[in-house]
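Below is one structure; the comments refer to it alone.
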Amino acid sequence: MTTSDNLHLHLHLADEAATLVLGSALANALKESSSGALIYLSGDLGAGKTTLSRGILRALGFSGRVKSPTYTLVELYVVSKLNLYHFDFYRFGEPEEWQEAGFRDLFNETNICLVEWPEKAGGLLPPPDLTIAMKSSLISGREAHLAAHSPRGLQMLSVLTSAALPTFAPPTM
Ligand SMILES: Nc1ncnc2c1ncn2[C@@H]1O[C@H](COP(=O)(O)OP(=O)(O)OP(=O)(O)O)[C@@H](O)[C@H]1O
Ligand SMILES: [Mg+2]
(Lines give C-alpha, C1' and ligand atoms only; values in the text may rest on other atoms or scores of the structure.)
(Ligands and ions follow the chains in the order given, each with its own letter.)
Protein backbone atom coordinates (compact mmCIF):
# COMPACT_ATOMS: atom_id res chain seq x y z
CA MET A 1 0.00 0.00 0.00
CA THR A 2 1.31 3.43 -0.78
CA THR A 3 -0.31 6.68 0.26
CA SER A 4 1.19 10.09 -0.06
CA ASP A 5 0.63 13.82 0.00
CA ASN A 6 3.23 16.55 -0.27
CA LEU A 7 4.59 16.06 3.20
CA HIS A 8 4.09 12.37 3.91
CA LEU A 9 4.63 9.02 2.31
CA HIS A 10 3.41 5.72 3.69
CA LEU A 11 4.89 2.55 2.21
CA HIS A 12 4.49 -1.15 2.74
CA LEU A 13 7.86 -2.89 2.39
CA ALA A 14 7.01 -6.52 1.76
CA ASP A 15 10.48 -7.88 2.39
CA GLU A 16 14.10 -6.92 2.90
CA ALA A 17 14.54 -6.37 -0.84
CA ALA A 18 11.81 -3.70 -0.75
CA THR A 19 13.62 -1.92 2.09
CA LEU A 20 16.76 -1.91 -0.04
CA VAL A 21 14.79 -0.51 -2.99
CA LEU A 22 13.53 2.33 -0.79
CA GLY A 23 17.17 2.94 0.18
CA SER A 24 18.09 3.10 -3.48
CA ALA A 25 15.36 5.66 -4.16
CA LEU A 26 16.57 7.72 -1.21
CA ALA A 27 20.10 7.58 -2.62
CA ASN A 28 18.80 9.08 -5.86
CA ALA A 29 17.09 11.82 -3.89
CA LEU A 30 20.32 12.55 -2.00
CA LYS A 31 22.30 12.73 -5.23
CA GLU A 32 19.89 15.27 -6.74
CA SER A 33 21.34 18.05 -4.64
CA SER A 34 24.80 18.77 -3.28
CA SER A 35 23.49 20.12 0.01
CA GLY A 36 23.59 18.11 3.21
CA ALA A 37 20.66 16.29 4.74
CA LEU A 38 19.64 14.99 8.13
CA ILE A 39 17.42 11.90 8.20
CA TYR A 40 16.07 10.47 11.44
CA LEU A 41 15.46 6.70 11.31
CA SER A 42 13.16 5.56 14.09
CA GLY A 43 11.59 2.24 14.99
CA ASP A 44 12.09 -0.65 17.38
CA LEU A 45 15.04 -3.01 17.45
CA GLY A 46 15.04 -4.92 14.18
CA ALA A 47 12.64 -2.54 12.41
CA GLY A 48 14.95 -2.27 9.40
CA LYS A 49 16.81 1.03 9.96
CA THR A 50 20.28 -0.37 9.24
CA THR A 51 18.95 -2.33 6.26
CA LEU A 52 17.58 0.91 4.82
CA SER A 53 20.91 2.66 5.42
CA ARG A 54 22.65 -0.25 3.66
CA GLY A 55 20.32 0.19 0.69
CA ILE A 56 21.22 3.89 0.50
CA LEU A 57 24.95 3.20 0.64
CA ARG A 58 24.87 0.36 -1.90
CA ALA A 59 22.97 2.57 -4.35
CA LEU A 60 25.46 5.37 -3.82
CA GLY A 61 28.15 2.93 -4.94
CA PHE A 62 29.62 1.68 -1.67
CA SER A 63 30.53 -1.96 -2.16
CA GLY A 64 32.03 -2.77 1.24
CA ARG A 65 30.35 -4.05 4.35
CA VAL A 66 27.82 -1.68 5.94
CA LYS A 67 27.92 -2.55 9.61
CA SER A 68 25.59 -1.37 12.30
CA PRO A 69 27.16 1.55 14.20
CA THR A 70 25.58 0.34 17.45
CA TYR A 71 28.96 0.01 19.18
CA THR A 72 31.03 2.60 17.32
CA LEU A 73 28.20 5.24 17.45
CA VAL A 74 29.13 6.49 13.98
CA GLU A 75 30.54 5.21 10.69
CA LEU A 76 31.73 7.55 7.94
CA TYR A 77 31.37 6.65 4.26
CA VAL A 78 32.86 8.84 1.52
CA VAL A 79 31.03 7.84 -1.64
CA SER A 80 29.62 9.53 -4.76
CA LYS A 81 31.29 12.78 -3.65
CA LEU A 82 29.22 12.69 -0.47
CA ASN A 83 30.25 12.44 3.15
CA LEU A 84 27.68 10.16 4.71
CA TYR A 85 27.69 9.73 8.47
CA HIS A 86 25.65 6.81 9.80
CA PHE A 87 24.91 7.21 13.51
CA ASP A 88 23.28 4.90 16.03
CA PHE A 89 22.57 6.40 19.45
CA TYR A 90 20.93 3.32 20.96
CA ARG A 91 23.58 2.98 23.61
CA PHE A 92 23.27 6.52 24.93
CA GLY A 93 22.11 6.43 28.53
CA GLU A 94 21.62 10.21 28.81
CA PRO A 95 20.94 12.70 26.01
CA GLU A 96 23.91 14.75 27.26
CA GLU A 97 26.18 12.00 25.94
CA TRP A 98 25.40 13.35 22.48
CA GLN A 99 26.93 16.70 23.39
CA GLU A 100 29.90 15.03 25.06
CA ALA A 101 30.50 12.86 21.98
CA GLY A 102 31.41 16.02 20.02
CA PHE A 103 29.30 15.25 16.98
CA ARG A 104 27.63 18.66 16.70
CA ASP A 105 29.88 19.99 13.90
CA LEU A 106 29.17 16.93 11.74
CA PHE A 107 25.56 18.08 11.32
CA ASN A 108 26.27 20.78 8.76
CA GLU A 109 25.31 22.08 5.32
CA THR A 110 27.23 19.48 3.35
CA ASN A 111 27.19 16.17 5.25
CA ILE A 112 24.51 13.53 4.84
CA CYS A 113 23.59 12.27 8.32
CA LEU A 114 21.48 9.16 8.91
CA VAL A 115 20.58 8.76 12.57
CA GLU A 116 19.23 5.58 14.13
CA TRP A 117 17.63 6.06 17.55
CA PRO A 118 17.57 9.90 17.34
CA GLU A 119 15.24 10.00 20.37
CA LYS A 120 18.15 8.86 22.56
CA ALA A 121 19.67 12.32 22.04
CA GLY A 122 16.53 13.74 23.68
CA GLY A 123 15.88 16.67 21.36
CA LEU A 124 19.47 17.92 21.36
CA LEU A 125 19.94 17.00 17.71
CA PRO A 126 19.28 19.59 15.01
CA PRO A 127 15.82 19.26 13.43
CA PRO A 128 15.60 16.70 10.61
CA ASP A 129 14.89 17.25 6.93
CA LEU A 130 13.18 13.88 6.73
CA THR A 131 11.92 11.42 9.31
CA ILE A 132 11.46 7.75 8.48
CA ALA A 133 9.56 5.66 11.03
CA MET A 134 9.66 1.91 10.47
CA LYS A 135 7.66 -0.82 12.17
CA SER A 136 6.57 -4.39 11.63
CA SER A 137 3.55 -4.67 9.42
CA LEU A 138 0.47 -6.44 10.75
CA ILE A 139 0.49 -8.45 7.55
CA SER A 140 4.15 -9.16 6.88
CA GLY A 141 7.26 -7.14 6.22
CA ARG A 142 7.50 -3.55 7.40
CA GLU A 143 5.64 -0.25 7.22
CA ALA A 144 7.55 2.95 6.58
CA HIS A 145 6.20 6.42 7.29
CA LEU A 146 8.23 9.20 5.74
CA ALA A 147 7.64 12.85 6.61
CA ALA A 148 9.30 15.98 5.26
CA HIS A 149 10.24 18.74 7.70
CA SER A 150 12.14 21.17 5.46
CA PRO A 151 12.44 22.22 1.81
CA ARG A 152 15.25 19.65 1.46
CA GLY A 153 12.97 16.97 2.89
CA LEU A 154 10.19 17.98 0.52
CA GLN A 155 12.58 17.77 -2.41
CA MET A 156 13.58 14.25 -1.36
CA LEU A 157 9.96 13.15 -1.02
CA SER A 158 9.13 14.51 -4.45
CA VAL A 159 11.97 12.48 -6.00
CA LEU A 160 10.68 9.40 -4.17
CA THR A 161 7.08 9.80 -5.24
CA SER A 162 8.01 10.32 -8.87
CA ALA A 163 10.43 7.41 -9.08
CA ALA A 164 10.06 4.77 -6.42
CA LEU A 165 6.41 4.02 -5.84
CA PRO A 166 5.69 1.65 -8.71
CA THR A 167 8.28 -0.78 -7.42
CA PHE A 168 6.42 -1.44 -4.17
CA ALA A 169 4.03 -4.32 -4.19
CA PRO A 170 0.72 -3.88 -2.32
CA PRO A 171 0.28 -6.10 0.74
CA THR A 172 -1.55 -9.38 0.27
CA MET A 173 -4.41 -9.98 2.68
N1 LIG B 1 10.73 -4.98 4.75
C2 LIG B 1 11.21 -5.97 5.48
N3 LIG B 1 10.50 -7.10 5.69
C4 LIG B 1 11.00 -8.09 6.46
N5 LIG B 1 12.21 -8.07 7.06
C6 LIG B 1 12.97 -6.97 6.90
C7 LIG B 1 12.52 -5.88 6.10
N8 LIG B 1 13.49 -4.91 6.12
C9 LIG B 1 14.50 -5.39 6.89
N10 LIG B 1 14.19 -6.62 7.36
C11 LIG B 1 14.99 -7.47 8.28
O12 LIG B 1 14.94 -6.95 9.59
C13 LIG B 1 16.08 -7.40 10.31
C14 LIG B 1 16.63 -6.33 11.22
O15 LIG B 1 16.96 -5.22 10.42
P16 LIG B 1 17.96 -4.07 10.88
O17 LIG B 1 19.19 -4.58 11.48
O18 LIG B 1 18.06 -3.21 9.68
O19 LIG B 1 17.09 -3.34 12.02
P20 LIG B 1 17.39 -2.02 12.84
O21 LIG B 1 16.13 -1.24 12.83
O22 LIG B 1 18.62 -1.36 12.35
O23 LIG B 1 17.63 -2.57 14.31
P24 LIG B 1 18.47 -1.93 15.52
O25 LIG B 1 17.59 -0.95 16.23
O26 LIG B 1 18.78 -3.13 16.38
O27 LIG B 1 19.71 -1.29 14.97
C28 LIG B 1 17.07 -7.89 9.27
O29 LIG B 1 17.14 -9.30 9.41
C30 LIG B 1 16.46 -7.50 7.95
O31 LIG B 1 16.72 -8.48 6.96
MG1 LIG C 1 20.35 -0.75 13.28
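Some observations on this one:
- The stretch 101-150 - residue that is among the polar types (S, T, N, Q) and assigned to a strand (DSSP E or B) and, of those, modelled with the lowest pLDDT: Ser136
- Checked against (1) modelled with pLDDT of 95 or more; (2) of a type in the set (Lys, Arg); (3) within 14 Å of ligand 2 (Cβ to nearest atom), Lys67 passes all but condition (1).
- Residue within the stretch 39-57 that is of a type outside the set (Lys, Arg) and more than 16 Å from ligand 2 (Cβ to nearest atom) present: no
- For Ser63, the criteria (1) surrounded by fewer than 13 Cβ atoms within 10 Å (Cβ to Cβ); (2) in contact (Cβ under 8 Å) with a residue 40 or more places away in the chain; (3) more than 13 Å from Ile112 (Cα to Cα) hold in every case but one, which is (2).
- Taken together, Arg58, Arg54 contain a single residue that is more than 13 Å from the chain's Cα centre (by Cα), assigned to a helix (DSSP H, G or I) and charged (D, E, K, R), which is Arg58.
- Candidates Gly36, Gly55, Gly43: the one that is near ligand 1 (Cβ under 10 Å from one of its atoms) and touching a residue at least 60 places away in the same chain (Cβ under 8 Å) is Gly43.
- Residue match in the stretch 3-15 (condition: under 28 Å from Thr161 (Cα atoms), crowded, with 16+ Cβ neighbours inside 10 Å and free of Cβ contacts under 8 Å to residues at least 60 places away in the same chain): no
This table checks each residue for (1) among the hydroxyl-bearing types (Ser, Thr, Tyr); (2) surrounded by 14 or more Cβ atoms within 10 Å (Cβ to Cβ); (3) without any contact (Cβ under 8 Å) to a residue 60 or more places away in the chain; (4) within 14 Å of ligand 2 (Cβ to nearest atom).
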residue: Glu75; (1), (2), (3), (4): no, yes, yes, yes
residue: Lys81; (1), (2), (3), (4): no, no, yes, no
residue: Phe89; (1), (2), (3), (4): no, yes, yes, yes
residue: Gly93; (1), (2), (3), (4): no, no, yes, no
residue: Glu96; (1), (2), (3), (4): no, no, yes, no
residue: Thr110; (1), (2), (3), (4): yes, no, no, no
residue: Pro127; (1), (2), (3), (4): no, no, no, no
residue: Gly141; (1), (2), (3), (4): no, yes, no, no
residue: Leu154; (1), (2), (3), (4): no, yes, no, no
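- Members of the stretch 61-107 that are more than 18 Å from the chain's Cα centre (by Cα) and of a type in the set (Asp, Glu): Glu94, Glu96, Glu97, Glu100, Asp105
- As a summary of the residue check, Thr19 satisfies the conditions (1) part of a loop (DSSP other than H, G, I, E, B); (2) within 20 Å of Pro128 (Cβ to Cβ); (3) modelled with pLDDT of 95 or more except for the one numbered (1).
- Checked against the criterion of being part of a strand (DSSP E or B) and of a type outside the set (Asp, Glu), the candidates Leu45, Leu76, Leu30 yield just one match: Leu76.
- Residue that is under 25 Å from Asp105 (Cα atoms), crowded, with 21+ Cβ neighbours inside 10 Å and either away from ligand 1 (no atom under 13 Å from the Cβ) or charged (D, E, K, R) (or both), where the choices are Lys31, Lys49: Lys49
The values are calculated or read from the model by the stated rules, or taken from the named source; none is laboratory data. On a predicted model such as this, the values are computed, not experimentally measured, just so you know. No Cβ is skipped: glycine too gets one built from the backbone with ideal geometry, and neighbour counts run over all protein chains shown.
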